[in-house]
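The values are calculated or read from the model by the stated rules, or taken from the named source; none is laboratory data. Just so you know, these numbers come straight off a predicted model, no measurement behind them. Here Cβ is always computed from backbone atoms with ideal geometry, including for glycine, and neighbour counts include all displayed protein chains. With ligands, DNA and RNA removed, areas are computed over all heavy atoms of the protein, side chains included. Shrake-Rupley method; radii C 1.70, N 1.55, O 1.52, S 1.80 Å.
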Amino acid sequence: MDDLTIMAQRLKDFRKQQGLTQSEVAKKLCISQQAYASYETATKEPKIDTLKRLADLYKTSIDYLVGRY
């Protein structure tokens with residue numbers, strides 16, 4: 001599994017664990033639902049500022065999100 005696929009799965013897992021929809025997460029991040037969905041399907045990589053907000057939202061590290069451990 002490549003890093004982008006790992007990140008996509010981790011984002012989906014975190015979102016579901018918190019009982020959030022893609023639209024709810026996108027709203028919290030000030031991005032479109034389509035943009036967030038593309039992260040969960042591994043078709044697009046988030047920018048660093050979005051990664052920071054995702055890590056804060058899910059109370060984890062960027063390293064974990066991107067599959068470094």
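Taken over segment 48-63, the criterion of being under 11 Å from the mean Cα position of the chain (by Cα) and open to solvent by 60 Å² or more (accessible area, probe 1.4 Å) is satisfied by K52, R53, D56.
Pairs linking a residue in segment 42-69 that is farther than 18 Å from Q17 by Cα and in contact (Cβ under 8 Å) with a residue 24 or more places away in the chain to a residue that is surrounded by 12 or more Cβ atoms within 10 Å (Cβ to Cβ) and among the hydroxyl-bearing types (S, T, Y), with Cβ atoms under 8 Å and 6 or more positions apart or on different chains, are A42/T5; E45/Y39. Within segment 2-22, the only residue that satisfies the criterion of being in contact (Cβ under 8 Å) with a residue 24 or more places away in the chain, polar (S, T, N, Q) and either open to solvent by 90 Å² or more (accessible area, probe 1.4 Å) or more than 17 Å from T43 (Cα to Cα) (or both) is Q18. Residue by residue through segment 23-47, note down the ones that are surrounded by 18 or more Cβ atoms within 10 Å (Cβ to Cβ) and either in a helix (DSSP H, G or I) or touching a His at 6+ places or on another chain (Cβ under 6 Å) (or both). Passing the criteria: V25, A26, L29, Y36, Y39, E40.
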